[in-house]
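The structure appears right after this line, and notes come after that.
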Amino acid sequence: MKRREFITLVGGAAAAWPLAARAQQSAMPVVGLVSSGPRNGDRVRAFLQGLSETGYVEGNNVAIEYRWADGRNDRLPQLVAELARRQVAVLVTIGNATTLAAKETTTIPIVFIVNEDPVRLGLVASLARPGGSLTGVNFFAGELAAKRLELLHELVPGATRVAVLVNPGNATTAESTLRDVAPAARAMGLQILVLKTSTSREIDAAFDTFGRERLDALFVDPDPFFISRLVQLVHLASRHAVPATYGLREFAEAGGLMSYGPRVTDAWRQVGGYTGRILKGAKPADLPVVQSSKFELLINAQTARMLASTPRPPACSASPCHRRC
């Protein structure tokens, strides 16, 4: 082979490789994932695990476009629209506000995680037969509000005035929480003061009211905005020596007194599995909505000792203390 022929042959092969790679990339299905909260590595890994259980591996035979609103619900319509224009094969929506913002996108199958009854939210016709282009997981965080207040009352029996922190920017979740907490508080003889905050500055101001209003404890709504302000909330509760209850385990692990709620990583794994099944041809209308069945009570023993409180069952010396219900 002459030198000129050899160079031409190699050059032609090199030019063909990028074309083949681009063709393979364009054929790869794209999944869009948009969350009203911040990025969480454990939850993303759980989603990818569920996806891999159906045979899909990110970067190998599926691409994923992530969008994170970091608690700013006003950004959700724009983020959903970006993914719709991208013509994703499946849209994964995390949170009530995200799913409500996306539900009009009827041409794209949607797999959701919501913390309220999706039938009441108008997302599906029924849990067993969703009947449309949406299905997913309901992890009951909203419905557990009364139980979480009861556990706080057991843990801090001397508390009679409880502040309830809600985000007015997420009206659906805030209204649901107050609807459940108010009658539960009355039944236990507790007085509640609703504190509405949607910025970091407003959170600071809310804690300044504790001494003035003689508040004994704090109930934090499981809102994506508060998840994005986890460090601030736990720090302020510690600085003001306020016993606080949260809906997600990350708060107790970070130093919050207690949390009670579903195992959210399980929901993300299940959503990953449903996403893979839809990529394989399943229809959302035929996939029943999954409901959480595992719940966790976590008490941070170190924080409890600092607050001079004696945790009721479970009794353990580890910090944080874990109990699964």
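The values are calculated or read from the model by the stated rules, or taken from the named source; none is laboratory data. Since this is a predicted model, take the numbers as computed values, not measurements. Glycine also receives a Cβ, built like all others from the backbone with ideal geometry; neighbour counts cover every protein chain displayed. These accessible areas exclude ligands, DNA and RNA; they are computed on the full protein's heavy atoms, side chains included. Shrake-Rupley method; radii C 1.70, N 1.55, O 1.52, S 1.80 Å.
Of all residue pairs spaced 6 or more apart or on separate chains, those with beta-carbon atoms under 7 Å, a first member in segment 83-103 that is more than 25 Å from MET28 (Cα to Cα) and open to solvent by 10 Å² or more (accessible area, probe 1.4 Å) and a second member that is of a type in the set (Gly, Ala, Ser) and part of a strand (DSSP E or B) are GLY95/SER35. Checking SER52, SER26, SER36 one by one, the residue that is at pLDDT 95 or above and among the hydroxyl-bearing types (Ser, Thr, Tyr) is SER52 and no other.
Answer yes or no as to whether ARG67 is modelled with pLDDT of 95 or more, within 17 Å of ILE110 (Cβ to Cβ) and open to solvent by 40 Å² or more (accessible area, probe 1.4 Å). Considered against the rule, which asks whether it is modelled with pLDDT of 95 or more, within 17 Å of ILE110 (Cβ to Cβ) and open to solvent by 40 Å² or more (accessible area, probe 1.4 Å), ARG67 comes out as yes.
If you check PRO118, PRO109, PRO168 for being more than 27 Å from LEU307 (Cα to Cα), touching a strand residue (DSSP E or B) at 6+ places or on another chain (Cβ under 6 Å) and surrounded by fewer than 17 Cβ atoms within 10 Å (Cβ to Cβ), only one passes: PRO168. Condition test on ARG214, is it touching a helix residue (DSSP H, G or I) at 6+ places or on another chain (Cβ under 7 Å) and not aliphatic (A, V, I, L, M)? For ARG214, the condition - touching a helix residue (DSSP H, G or I) at 6+ places or on another chain (Cβ under 7 Å) and not aliphatic (A, V, I, L, M) - is not met. Annotation note: Cβ proximity below 9 Å between a residue of segment 205-234 that is of a type in the set (Lys, Arg) and a residue that is assigned to a helix (DSSP H, G or I) (sequence gap 6+ or interchain) occurs for ARG229/SER200; ARG229/ILE203.
One line per residue, one yes/no per condition, for (1) at pLDDT 95 or above; (2) on the phi < 0 side of the Ramachandran plot:
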{"position": "ALA101", "(1), (2)": "no, yes"}
{"position": "THR105", "(1), (2)": "no, yes"}
{"position": "PRO109", "(1), (2)": "yes, yes"}
{"position": "VAL114", "(1), (2)": "no, yes"}
{"position": "LEU121", "(1), (2)": "no, yes"}
{"position": "SER133", "(1), (2)": "yes, yes"}
{"position": "VAL137", "(1), (2)": "yes, yes"}
{"position": "PHE140", "(1), (2)": "no, no"}
{"position": "LEU144", "(1), (2)": "no, yes"}
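When ALA237, ALA241 are screened for being touching a residue at least 40 places away in the same chain (Cβ under 8 Å) and out of contact with any helix residue (DSSP H, G or I) (no Cβ under 7 Å at 6 or more places or on another chain), only ALA241 passes. Every residue in segment 126-152 that is more than 23 Å from ALA182 (Cβ to Cβ), in a loop (DSSP other than H, G, I, E, B) and open to solvent by less than 10 Å² (accessible area, probe 1.4 Å), please. PRO130 - this is the single residue of segment 126-152 that is more than 23 Å from ALA182 (Cβ to Cβ), in a loop (DSSP other than H, G, I, E, B) and open to solvent by less than 10 Å² (accessible area, probe 1.4 Å).
Residues in segment 202-241 that are over 23 Å from the mean Cα position of the chain (by Cα) and open to solvent by 40 Å² or more (accessible area, probe 1.4 Å): ASP204, ALA205, ASP208, GLY211, ARG212, GLU213, ARG214, ASP216, SER238, ARG239, HIS240, ALA241. Tallying residues that are closer than 30 Å to HIS153 by Cα, open to solvent by less than 50 Å² (accessible area, probe 1.4 Å) and in a strand (DSSP E or B) within segment 288-298 yields 4.
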